[in-house]
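Just below is one structure, and these are the notes that go with it.
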Amino acid sequence: MEASRNILFKAIHQIKGGVKIADIGLLIETEAKKAGFKVIKNLVGHGVGRSLHEAPEEIPCFNDKRNKQRFKKDSVVAVETFISTRANYAHDKGDGWTYITKDGSYVAQHEHTIIITDGKPIILTEANKIWG
């Protein structure tokens, strides 16, 4: 789904030190709605460090008004889009890995890991050629 890729690109290029995490979630959700899609609300991006999931523990792709955190300069995060044709939630299929929607709708997920700066982020996973 090209929309997921394009939304990720737009979101990543808005992230810098001090930006509210909720504002990026709002951007992703708004862009998905404009394109005729929904976002999955129980899967999120996250901080990356010595372990795979670190602070910030949740970088949602929707407007979570309770999330008051801001992106911190020089931190590393995985920004992810979970864009759906109809569903708002994904469910574990029972194998510990696969997620599906109950209504059988399609979901696209794209992700990049970035270093947050005061300007343009450094995209550590650029070689995956999501935009190539």
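The values are calculated or read from the model by the stated rules, or taken from the named source; none is laboratory data. Being a predicted model, the structure only gives us computed values, none of them experimental. Counting neighbours? That spans all protein chains shown, and the Cβs are built from the backbone with ideal geometry, glycine included.
The table below lists the values:
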read-out	value
Residues of the range 30-43 that turn out to be in contact with a helix residue (DSSP H, G or I) (Cβ under 9 Å, 6 or more places away or on another chain), surrounded by 18 or more Cβ atoms within 10 Å (Cβ to Cβ) and of a type outside the set (Lys, Arg), as a count	4
Test: residue in the range 58-67 that is surrounded by 14 or more Cβ atoms within 10 Å (Cβ to Cβ), in contact with a helix residue (DSSP H, G or I) (Cβ under 9 Å, 6 or more places away or on another chain) and among the β-branched types (Val, Ile, Thr)	yes
Identity of the residue in the range 106-121, among the hydroxyl-bearing types (Ser, Thr, Tyr) and surrounded by fewer than 16 Cβ atoms within 10 Å (Cβ to Cβ), that ends up nearest to Val39 (Cα to Cα)	Tyr106
One residue from Ile83, Ile100 being over 16 Å from the mean Cα position of the chain (by Cα), among the hydrophobic types (A, V, I, L, M, F, W, C) and closer than 18 Å to Ser4 by Cβ	Ile100
Matching strands (runs of 3 or more DSSP E) fully within the range 31-132 where at least 1 residues are at pLDDT 95 or above, aromatic (Phe, Trp, Tyr) and under 18 Å from Lys10 (Cα atoms)	76-84
Pairs with Cβ under 9 Å, 6+ apart, first in the range 4-16 and part of a helix (DSSP H, G or I), second hydroxyl-bearing (Ser, Thr, Tyr)	Ser4/Thr81; Arg5/Thr81; Ile7/Thr81; Leu8/Thr81; Ala11/Thr81
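Matching residues to (1) in contact (Cβ under 8 Å) with a residue 12 or more places away in the chain; (2) not hydroxyl-bearing (Ser, Thr, Tyr):
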| position | (1), (2) |
| --- | --- |
| Ser75 | yes, no |
| Phe82 | yes, yes |
| Trp97 | no, yes |
| Gly104 | no, yes |
| Gln109 | yes, yes |
